[in-house]
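The values are calculated or read from the model by the stated rules, or taken from the named source; none is laboratory data. Computed from a predicted model, the values in this text were never measured in an experiment. As a convention, Cβ positions derive from the backbone with ideal geometry for all residues, glycine included, and neighbour counts pool all protein chains shown. SASA here: full protein model, heavy atoms, side chains in, ligands and nucleic acids out. Shrake-Rupley method; radii C 1.70, N 1.55, O 1.52, S 1.80 Å.
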Protein chains: 2
Amino acid sequence: MKFRNFPMVPRVLFGRNSFDQVGELLMPLRRNSEAPYIFLVDDVFQDRPEVTSRIPVMFEDRIIFISADEEPKTAQVDALVAMIKTAFDEMPSGVIGIGGGTVMDLAKAVSLLLTNPGSAQDYQGWDLVKNKAVYHVGIPSISGTGAEVSRTTVLTGPEKKLGINSDFTPFDQVVLDPAMTGGVPKDQWFFTGMDCFIHCVESLEGYFLNTFSQSYGEKAYELCCEVFTSDELGLEERQNKLMMASWHGGMSIAYSQVGIAHALSYGLSYELGIRHGVGNCMVFDHLEKYYPKGVRKFKEMKDRHEIVLPSGVCSDLTTEQMDSMTRVALSLEPLWENALGADWKQKITEKEIHELYQKM
Amino acid sequence: MKFRNFPMVPRVLFGRNSFDQVGELLMPLRRNSEAPYIFLVDDVFQDRPEVTSRIPVMFEDRIIFISADEEPKTAQVDALVAMIKTAFDEMPSGVIGIGGGTVMDLAKAVSLLLTNPGSAQDYQGWDLVKNKAVYHVGIPSISGTGAEVSRTTVLTGPEKKLGINSDFTPFDQVVLDPAMTGGVPKDQWFFTGMDCFIHCVESLEGYFLNTFSQSYGEKAYELCCEVFTSDELGLEERQNKLMMASWHGGMSIAYSQVGIAHALSYGLSYELGIRHGVGNCMVFDHLEKYYPKGVRKFKEMKDRHEIVLPSGVCSDLTTEQMDSMTRVALSLEPLWENALGADWKQKITEKEIHELYQKM
């Protein structure tokens, strides 16, 4: 297959407070009263009854709150799947993720592992999944990751941080309700929005780009700039537009790839547990050499919103830690190839990566 | 359902000469050697072996050439379905449309009518289809209509020109190969491209617009302007970008609607058989009052490409003909409501419509 046959999310519902339609969506797809819907919900909502009371729980359905303090792990997926299999005789009617990128990725991975044997770590890579997932729905409550539309679910395993990339990974249904993003703290709003912005820069500046991905990436880039630099948008419009930026930014990866910021950020996550959004920003802030225009724009937005990035996180690392981070970053070969071309190994050295990390 | 749960094309393959991958796509979905693939192919390709020789015909598969000189008709759909049912004992494995909007719409309608009883005219309207269609694939060979991504198939019936709008209408697979659009004559390239441009103006200026549709519509509008007014694009880039404009333009209708140009153009098609693309242009050229900025841009593009629109087509019409056209146009209530608001009936009169038609 020369060009990829890209799987799109087959159903999308967009609208402020469209969250109230979730019950109506799920009803006809419930197999029977013993086959529950499992709601994986970011635990920030645990004390927000204005959201939890609207989750349409019936019969044996279960809400499981998920902490997004750490990046999602393969062991966490395995534990959730084991718990669901033990608690219920029947296969669930579906898995619904309500949260940010962590919860989106867990919902996708759990739905895959309910129908595929073994551990989540067995499927980290490209096209290793054999069976269709359980019906799964994504309801993002923060905008930027693109996890709602992508064909991957990024997990940290015992050996690597890598996605389960497969045609069975994308959600069967996505509900885009910008009102769900109302409670996000400012720093997190910025870091996650910048995940989208950085996606777009890396995709648009990459070697893999084609016109399909370019058109989505350009629109997402433009929406990010509008949201983070315009004085004219009201709060609701900012929420609406950032949700669409995330969607288009995710689509822009269809025929493209991310690049250096994501590769180095994966290293930070793997070794230091730094979360993806802030990690991307910490790296991108030092990539003027590779993405001059994008980094300039990024610094402008960072200053405008008075964001202070963590610093000095790599100053006391052991040689082993630095080598491990570098190994993880360099293992993401498609990202480097997209950023620097087929001869990327001639263009980047371990020393340069160490120097970049040491600035952070 | 307050917000529509929009069905997206679940698989899309984009790339120059991706047409060569069609065989590989179809192979695993063939039910058996007696269940043929039916290729509906625009008859402009009849004498172009460089295309026809690449259609992956096997076993009992059949190529049916379709004239796109006229807009697609419900009777034509019924005749094709009857012919296929007579010729084959088994239900086809799939229907593949290769052509412009006419062929796209016929492929969608035939695939629906193979599994739904009665005549195509029984399903003109909204959500009247009960059964899933046969697997159907769209391969556009001209860009602009958005038929490759829409949930409608517009047909002229004995009583009306109206789409079969349903969740079963969208293609299961779309192949976007910009190289397929290489042989389009200039006038047709312009008229069909302007179908997209006019979509976007009507969607972006309409009352139904939300942020989802806006983001797609803005991108498609921008791509149209680039393709039709930039000196910097090479031929291939123009083809690539116009194909993406059509795609995004079609998506922009998801939560929106077209408007006055489409309503009046439907009247022209129904009564005078004027094709959709050129009809839209003939109408839009006179809609300064409603879409001032869009019409200005349109005239600029028209002049730049030295396009001469037909004129005087309504000068010798009988009162009956004029009334019939006006009736068809006014029957498209959602289009008027989108253009003029809920009180649209207070804002447009039959006399104004007659006056507009008389300019054409």
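Observations
- Along its three principal directions, the equivalent ellipsoid of the range B:1-61 from the Cα gyration tensor extends over semi-axes of 27, 18, 13 Å, largest first.
- Efficiency of FRET from Cβ geometry, residue B:167 and residue B:63, R₀ 25 Å, rounded to 0.05: 0.30
- Charge-dipole axis of the range A:186-358 as Lys and Arg at +1 and Asp and Glu at -1 on Cβ define it, positive-most pick from A:214, A:284, A:346: A:214
- Residues with amide H under 5 Å from that of residue B:115, placed H, sequence gap 5 or more: B:134
- Residues of the range B:194-216 buried by at least 40 Å² on assembly (accessible area, 1.4 Å probe, chain alone as reference): B:211, B:212, B:215, B:216
- Three-way shape call for the range A:48-108 based on the alpha-carbon gyration tensor, with the a/c threshold at 1.5: oblate
- At the listed q of 0.11, 0.14 Å⁻¹, the Debye profile of chain A, built from one uniform point per Cα, gives log10 I(q)/I(0) equal to -0.71, -1.17.
- Restricting the range B:41-93 to chymotrypsin sites (Phe, Trp or Tyr not before Pro) in coil, as DSSP defines it, with at most 13 other Cβ within 10 Å: B:59
- Surface analysis of the protein assembly as shown yields an accessible area of 38 Å² per residue, using protein heavy atoms and a 1.4 Å probe.
- Debye-sum result for the protein assembly as shown in log10 I(q)/I(0), which assumes one identical scatterer on each alpha carbon, at q = 0.07, 0.10 Å⁻¹: -0.50, -1.01
- Across the copies of the chain, residue A:349 has label points (7 Å from Cα along Cα→Cβ) spaced 8.3 nm apart, shortest distance listed first.
- Considering only the protein assembly as shown, percent of DSSP beta bridges that pair antiparallel, nearest 5: 20
- For chain B, the relative contact order is 15 percent, taking Cα pairs closer than 8 Å that sit 6 or more residues apart in sequence and dividing their mean separation by the residue count.
- Rounded to the nearest 20, the size of the Cβ-charge dipole of chain A about its Cα centre is 700 debye, with Lys and Arg at +1 and Asp and Glu at -1.
- Loop sites in the range B:284-321: trypsin sites (Lys or Arg not before Pro), DSSP, at most 12 other Cβ within 10 Å: B:289
- Averaging the Cα positions of each part gives two centres, and for the range A:308-336 and the range A:223-295 these lie 19 Å apart.
- Whether the range B:1-148 is rounded, prolate or oblate, judged on the alpha carbon gyration tensor where a/c under 1.5 counts as rounded: rounded
- Zero-based 5 Å bins, Cα pair distances in the range B:202-281, whole percents: 3, 16, 19, 18, 19, 15, 8, 1, 0
- Set of lysines near residue A:85 by C-alpha distance (under 19 Å), chain-local residues within fewer than 8 positions excluded: A:73, A:108, A:132
- FRET efficiency, residue A:89 to residue A:320 (Cβ-Cβ, R0 45 Å, nearest 0.05): 0.45
- Heavy-atom accessible area ranking, 1.4 Å probe, most first, across B:262, A:286: A:286, B:262
- For chain B, share of DSSP beta bridges that run antiparallel, in % to the nearest 5: 10
- Alpha-carbon centroid distance for the pair the range B:86-135 / the range B:150-216, whole angstrom: 18
- For the protein assembly as shown, size of Cβ-based charge dipole, Lys and Arg +1, Asp and Glu -1, in debye: 140
- With the label put 7 angstrom out from Cα along the Cα-to-Cβ vector, residue B:230 ends up 2.1 nm from the copy partners, going from closest to farthest.
- DSSP-loop trypsin sites (Lys or Arg not before Pro) across the range B:1-37, with at most 14 other Cβ within 10 angstrom: B:2, B:31
- Estimated buried accessible area (total), pair A and B, 1.4 Å, Å² to nearest 100: 3500
- Alpha-carbon Rg with Dmax, taken over the range B:186-358, Å: 15.8, 49
- Contour excess over end-to-end distance, with Cα ends at residue A:347 and residue A:231 and 0.36 nm allotted per residue: 37.7 nm
- Cα-centre dipole for the range A:223-275 with unit charges at Cβ (Lys and Arg positive, Asp and Glu negative), debye to 20: 240
- Shape class for the range A:257-354: oblate, because the ratio a/c of the largest to smallest gyration tensor axis (alpha-carbon atoms, square roots of eigenvalues) is 1.5 or more and b/c is at least a/b.
- The HN-Hα couplings worked out from phi for the range A:203-218 by the Karplus form 6.51 cos²θ - 1.76 cosθ + 1.60 (θ = phi - 60°) are 6, 5, 8, x, 6, 7, 4, 10, 5, 4, 5, 4, 5, 5, x, 4 Hz, whole numbers, x standing for Gly and Pro.
- Cα-based reach from residue A:299 at 23 Å (exclusive), listing lysines while leaving out same-chain residues under 8 positions away: A:186, A:219, A:241, A:289, A:359
- Position residue B:91: other-copy label points at 2.2 nm, ordered by increasing distance, label point 7 Å along Cα→C-beta.
- Longest stretch of chain A clear of exposed loop sites (GluC sites (Glu not before Pro), DSSP loop, at most 10 other Cβ atoms within 10 Å, sites excluded): A:1-231.
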